[in-house]
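Visitor: Submitted below is the structure of interest, expressed as structure tokens.
Every read-out reported here was derived from the displayed coordinates using simple, explicitly stated rules and does not represent laboratory data. Fair warning: this is a prediction, and the values are worked out from it, not measured in the lab. All Cβ positions, glycine included, derive from the backbone under ideal geometry; neighbour counts span all protein chains shown.
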Amino acid sequence: MSSPIAFIGGGNMASAIIGGLLRAGLKPDRVWVVEPYEPQRARLQTDFPGLHVLAAAEPSLAEASLVVWAVKPQLFGEAAAPLAGLLQGALHLSVMAGIRSDTLAAKTGSERIVRAMPNTPALIGQGIAGLFARAAVSAEDRARVEQVLAPTGRSLWVEAEADLDAVTALSGSGPAYFFYIVEAMTAAAVDMGLSEAQGRELALATCGGAAALGLASSESPTVLRERVTSKGGTTFAAISSLQADQVGAAVQRAVRAAQQRARELGDEFAG
């Protein structure tokens with residue numbers, strides 16, 4: 001029988017990964033989840049019948065070959081304490097924001113640690129995760145992490161752990177920027193006489209289609225934008241207004257603010 005995969009925390013991101021593993025053929029009883037919150041345990045057992053769900057850590061978790069850390073960062077120390085000395089031999093994958101690999105290594109006793117920064121589109125298999133591996137992580141370990149995360153979307157390796165702060169700012173927080181723009185586009189639609197439902201559908205479909213076009217094209221976003229922007233036309237008027245309001249610079253400042261906050265969280269949770 002294959003070694004189990006242990007999840008410490010059973011929230012939305014853990015559920016997205018678990019669902020993908022089960023769809024890929026992993027037996028539910030090979031997935032163990034430590035989830036202290038009773039309503040979430042019940043939800044996991046309803047959504048994934050046969051899952052081995054625990055209210056608290058127990059020594060049998062030492063059998064796990066892969067441990068996925070998916071608790072809130074501020075709860076990591078509390079969650080890791082009862083597992084001290086049990087998980088040194090496992091590969092560890094963290095999807096927690098702000099917990100650096102030095103802290104993970106100190107709490108788990110393992111150097112085989114991969115940090116992932118996923119985003120919420122992972123819940124529908126359309127996410128992207130930035131990945132960083134410590135030196136002790138083998139090529140086989142990296143391949144296993146990619147396989148585990150594949151059902152949630154794409155992955156991108158970075159060589160420096162500090163780069164995960166930029167990943168957090170771009171793609172981790174990025175869906176919120178997107179929805180902020182959609183909110184504004186929907187409000188403009190209502191102001192122009194369309195219904196809120198019409199505005200929402202038009203905005204989401206347009207943004208989704210533009211993203212799909214960008215991913216499918218080898219051309220830069222600048223070229224793709226310019227192809228829609230005829231001088232003197234409607235798009236030109238809109239882009240000119242955005243440029244006059246320095247929206248591009250504002251977006252860059254916002255992303256850098258997110259990056260700075262990611263660094264600060266790493267400092268707060270260090271140790």
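Visitor: For the chain, give the magnitude of the charge dipole about the Cα centre (Cβ charges: +1 Lys/Arg, -1 Asp/Glu; no others), in debye to the nearest 20.
Guide: Taking the Cα centre of the chain as origin, the dipole is about 320 debye.
Visitor: What residue among Leu123, Gly233, Ala97 has its Cα farthest toward the positive end of the dipole of the chain, where the charges are +1 on Lys, Arg and -1 on Asp, Glu, each on the Cβ?
Guide: The listed residue farthest towards the positive side: Gly233.
Visitor: So, one more: Would you mind putting 236-249, 13-26, 188-201 in packing order, based on average other-beta-carbon counts within 10 Å, highest first?
Guide: Most protected by this proxy first, the peptides run 13-26, 188-201, 236-249.
Visitor: Taking the 0 to 90 degree range and rounding to the nearest ten, how far is the long axis of helix 247-269 tilted relative to the main principal axis of the chain, both from C-alpha atoms?
Guide: 20
Visitor: For the chain, what does the helix formula give at 222 nm: sum of -39500 (n - 2.57) over DSSP H segments with n ≥ 4, over the residue count, nearest 500 deg cm²/dmol?
Guide: Only helices count here, giving -15000 deg cm²/dmol.
Visitor: Note the angle between two axes, namely the Cα long axis of helix 174-191 and the longest principal axis of the Cα atoms of the chain, as a number of degrees from 0 to 90, rounded to the nearest 10.
Guide: That works out to roughly 40 degrees.
Visitor: For helix 234-244, what angle does its Cα long axis make with the longest principal axis of the chain, in degrees from 0 to 90 and rounded to 10?
Guide: 70
Visitor: Within 10 Å of each candidate Cβ there may be at most 11 other Cβ atoms; applying that plus a DSSP loop requirement, which trypsin sites (Lys or Arg not before Pro) in the stretch 205-271 survive?
Guide: Answer by residue number: Lys231.
Visitor: Another question, then. In terms of modelled amide H atoms, which long-range or inter-chain residues lie less than 5 Å from the amide H of Phe7?
Guide: Residues meeting the amide H criterion: Trp32, Val33, Val34, Val68.
Visitor: Per-residue counts of other Cβ atoms within 10 Å, averaged by peptide: what ranking do you get for 173-182, 31-40, highest first?
Guide: Listed from highest to lowest mean packing, they are 31-40, 173-182.
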